[in-house]
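Novice: Mind having a look at this structure? Questions to follow.
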Amino acid sequence: MLPKKQNAKLLPVVGATLFAVAVSSAPQAEDDTRELVKMPSMMQEHMLGNMRDHVRALEDILSYLAEGRGKEAAEVAEARLGLSSLSLHGAAHIATFMPEPMQDAGTQMHRAASRFATLATEAEVDMSVESQQALFGALAEITQACNACHAGYRIR
């Protein structure tokens, strides 16, 4: 991971960036032009619960990275966001309600999280700047996939 001095500089920037993206990507109801994806209310609640856990997982990942604990960040990424998490989240059941491009965005996010998990594990060993840049690039791929889906679709 990055030396603590660099971590201290990066974490507020990363945190502020994630907050700004979350706030700026939430359209007002009357201007919301995103595609409405209809699903039963029980599935809506399940999906929203999954997405809330995804945000908590990102928070945990960032906290572990700030502490230089790449292995733990990798474990959270894979278990809660990666391809290994699909059955945990009931992805097969929810996907039946989603248009194909929305499914693709979700798959991109899960693949990006698994890629990040691999890089975070490697970053524990390789402390080079290039390794760290790849790690943060992989983290950005996760949030980019989230934002692409949230920008195009809504369930309410």
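Novice: Which order do peptides 112-120, 44-52, 67-75 fall in by mean Cβ count within 10 Å, highest first?
Specialist: Numbers: 112-120: 23.2, 44-52: 14.4, 67-75: 19.6.
Result, highest mean Cβ count within 10 Å first: 112-120, 67-75, 44-52.
Novice: Still on this model: Over region 37-154, what is the relative contact order in percent, taking alpha-carbon pairs closer than 8 angstrom and at least six residues apart?
Specialist: It rounds to 28 percent for region 37-154.
Novice: I've got another one for you. Expressed in nm to one decimal, what extension gain is obtained for the pair Arg111 and Glu45 from 0.36 nm per residue of sequence separation less their Cα-Cα distance?
Specialist: Working: separation 66, 0.36 × 66 = 23.76 nm, distance 2.37 nm.
Here the segment from Arg111 to Glu45 would lengthen by 21.4 nm.
Novice: Once amide H atoms are built 1.01 Å from N in the peptide plane, which residues 5 or more positions from Tyr153, or in another chain, come under 5 Å H to H?
Specialist: Glu35
Novice: Under 9 Å from the Cβ of Glu141, count the other residues' Cβ atoms, weight Lys and Arg +1, Asp and Glu -1, and hand me the total. If you can, show how the numbers build up before the last one.
Specialist: Details: positive: Arg111, Arg115; negative: none.
Value of the local net charge: +2.
Novice: What's the local net charge at Arg111, with K and R +1, D and E -1, over the other residues with C-beta under 13 Å away?
Specialist: Values: positive: Arg115; negative: Glu78, Asp104, Glu141.
Result for the local shell: -2.
Novice: Based on the Cβ-Cβ distance from Glu124 to Val55, what FRET efficiency comes out when R0 is 30 Å, to the nearest 0.05?
Specialist: Working: r = 24 Å, r/R0 = 0.81.
Calculated value: 0.75.
Every number here is computed from the coordinates shown, using simple stated rules; none is lab data. The model shown is predicted, which means the values in this text are computed figures rather than measured ones. With ideal geometry, Cβ positions are generated from the backbone for all residues, glycine too; neighbour counts draw on all protein chains shown.
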